[in-house]
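Working notes for the structure below.
The values are calculated or read from the model by the stated rules, or taken from the named source; none is laboratory data. The shown structure was predicted, so the numbers you read here are calculated from the model rather than taken from an experiment. Don't worry about glycine lacking a Cβ; one is built from the backbone with ideal geometry, like all the others, and counts go over all protein chains shown.
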Amino acid sequence: MKMVIKAAICATVFATVSAPAMAADYPFADEIEARQGYFQVLKFNIGVLGAMAKGKRDYDAELAQTMANNLKNASLMNNQMMWPKGSDMDAEGLSGKTKAKAAIWQEGSEIGQMNKDFAAAADTMAANAGQGIDALREAIGPLGKSCKSCHEKYRAK
């Protein structure tokens, strides 16, 4: 289990560190690629948990706990540098490069609270994922809801 966590952390660090060297030539390319990599890591871990919850994958307490711990650790990252103002889909030169809506940076944005909600849901998942399929299923709904609320308001389809 510790090897899987170490491998996931190493992959995330490598992707984040190597992104500047491989960055495309458009504004905020490094930041956009880093945050997209971050979301791919979240998607992978949530996907494994979701497959278990739906019965599409056999429940494995150790694997579920590892995936949940990965999410919890990712939720603790300070990734503000990945979100500079002006790195939204409507900014000049960024059409098709990101799905982030400009509303993220507007006055009254709820993005900070939504991030806290995701962190709380990831923490709950980490506390429950390895405790049996019923505990995982109970925690997956709030986790998915925390993702969906942000996507609906701040991410283009």
Tell me, yes or no, whether the stretch 106-116 has at least one residue that is aliphatic (A, V, I, L, M) and within 30 Å of ALA24 (Cβ to Cβ). yes
Has the stretch 47-56 got any residue that is part of a loop (DSSP other than H, G, I, E, B), over 15 Å from MET125 (Cβ atoms) and not charged (D, E, K, R)? yes
In the stretch 113-132, how many residues are assigned to a helix (DSSP H, G or I), of a type outside the set (S, T, N, Q) and surrounded by fewer than 16 Cβ atoms within 10 Å (Cβ to Cβ)? 3
Of the conditions (1) of a type in the set (D, E, K, R); (2) more than 23 Å from ILE140 (Cα to Cα); (3) at pLDDT 95 or above, LYS6 fails just one. Which one is it? (3)
Need pairs with beta-carbon distance below 6 Å; first residue more than 21 Å from ARG155 (Cβ to Cβ) and within the stretch 66-88, second surrounded by 20 or more Cβ atoms within 10 Å (Cβ to Cβ) and of a type outside the set (A, V, I, L, M); sequence gap 6+ or separate chains. MET67/ASN45; ASN70/ASN45
Any idea which residue in the stretch 30-52 is surrounded by the most Cβ atoms within 10 Å (Cβ to Cβ), counting only those that are of a type in the set (A, V, I, L, M) and within 15 Å of GLY141 (Cα to Cα)? LEU49
